[in-house]
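Asker: One structure, pasted below without further comment.
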Amino acid sequence: MASATSKTFTDRTGQEFVIRTAQPADAETLLAYIRPVAEETEFFVIEPDEFPATVDEERTWIQEHLDHSGKINLLAEVDGAIIGSVTFEAGNFRRVSHRGNLGLAVVREWRGRGVGTALLRALLEWAESSPAIEKVCLDVFATNEPAIRLYRNLGFIEEGRRARDIKRGPDDYIDTVMMYRFVK
């Protein structure tokens, strides 16, 4: 079972928030949080209408992350409202089960306040304590300079680029930057 200890953090303005492992009971709140975040940012691969259609599907997805030792879904919240999340999924096959990819999102009004940094640090702490995880990977839009700066500040290294990897429309492409950090 994959989970992390709940911890309280303080953002750059002095506001406290909690980071904890998502639970199936969070499904409705998590869907309500993620769809608007996807709508208001240009840096999501998944479009708002591509998220799970039902709360039951989301609940199943959360439970899969709890049941698998190489997956985790962490939430940052204030007074029960989700302000950010980070997910990690290790490879499904033995030869790639030592590494996995993360996805990070923070609501607009909480960006630049340390929530993303706290979420990533919590994830890296979990990965370091996980016997099977050795490498944490991510893909980031090449145009997302604040995120790239955050990842570099936490020790991630650019591994390569995928040219024209994201297609936003006819003749509208963005490269992705592949980054990694070894935790063992």
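The values are calculated or read from the model by the stated rules, or taken from the named source; none is laboratory data. Small disclaimer: the values here were computed from a predicted structure and weren't measured. Cβ atoms come from the backbone with ideal geometry, glycine included; neighbour counts cover every protein chain shown. The accessibility values were calculated without ligands, DNA or RNA, using every heavy atom of the protein model including side chains. Shrake-Rupley method; radii C 1.70, N 1.55, O 1.52, S 1.80 Å.
Asker: Sticking with the crude label model, points 7 Å out along Cα→Cβ, report the distance from Glu128 to Asp67 in nm, one decimal please.
Answerer: 3.1
Asker: Does anything in the stretch 1-43 have its amide N under 13 Å from the 7 Å Cα→Cβ label point of Thr117, and if so which residues?
Answerer: Only 10-14 pass the distance filter.
Asker: Short version: ³J(HN,Hα) in whole Hz for each residue of the stretch 61-66, in order, from phi by Karplus 6.51 cos²θ - 1.76 cosθ + 1.60 (θ = phi - 60°), x for Gly and Pro, what are they?
Answerer: In residue order, the calculated couplings are 4, 4, 4, 4, 6, 6 Hz.
Asker: Tell me which residues come under 5 Å, amide H to amide H, from Ala4 once H is placed; ignore anything under 5 positions away on its chain.
Answerer: Correct list: Thr21.
Asker: Could I ask something else about it? May I ask you to evaluate 6.51 cos²θ - 1.76 cosθ + 1.60, the Karplus curve with θ = phi - 60°, for each residue of the stretch 26-31 and list the ³J(HN,Hα) values in order in whole Hz, giving x for glycine and proline?
Answerer: 7, 3, 5, 5, 5, 5
Asker: Now, a different point. Over the chain, what relative contact order in percent results from Cα pairs under 8 Å that are six or more residues apart?
Answerer: 18
Asker: Can I ask one more? For the stretch 1-102, with all protein chains present and a 1.4 Å probe, just round the carbon and sulfur fraction of the accessible area to a whole percent.
Answerer: 47
Asker: Would you calculate a helix-derived [θ] at 222 nm for the chain, using -39,500 (n - 2.57) for each DSSP H run of n ≥ 4 and dividing by the full residue count, to the nearest 500?
Answerer: The per-residue figure over the chain is -8500 deg cm²/dmol.
Asker: In addition: Got a number for the accessible area of Glu64? Probe 1.4 Å, square angstrom, nearest 10.
Answerer: 90
Asker: Please list Trp126, Trp61 from largest to smallest accessible area, probe radius 1.4 Å, with all protein chains kept in place. The partial results should precede the final answer.
Answerer: Details: Trp126 20, Trp61 75 Å².
Accessible-area ranking of Trp126, Trp61, largest first: Trp61, Trp126.
Asker: Could you state the accessible area per residue of the stretch 1-104 in Å², with a 1.4 Å probe and every protein chain left in place?
Answerer: I get 56 Å² per residue for the stretch 1-104.
Asker: While we're here: Please compute the length gained on full extension between Leu154 and Arg168, using 0.36 nm multiplied by the number of residues separating them and subtracting their Cα-Cα distance. Mind showing how you got there, number by number?
Answerer: On the way: separation 14, 0.36 × 14 = 5.04 nm, distance 2.88 nm.
Gain on extension, Leu154 to Arg168, equals 2.2 nm.
Asker: Give the accessible surface of the stretch 142-183 per residue, rounded to a whole number of Å², with probe radius 1.4 Å and ligands, DNA and RNA excluded.
Answerer: Accessible area per residue: 64 Å².
Asker: Run the quick spin-label model on Ala142 and Val18: label points 7 Å from Cα toward the beta carbon, then report their separation in nm to one decimal.
Answerer: 4.3
Asker: By the gyration tensor of its Cα atoms, with a ≥ b ≥ c the square roots of the eigenvalues, what is the shape of the chain: rounded for a/c under 1.5, prolate for a/b over b/c, or oblate?
Answerer: rounded
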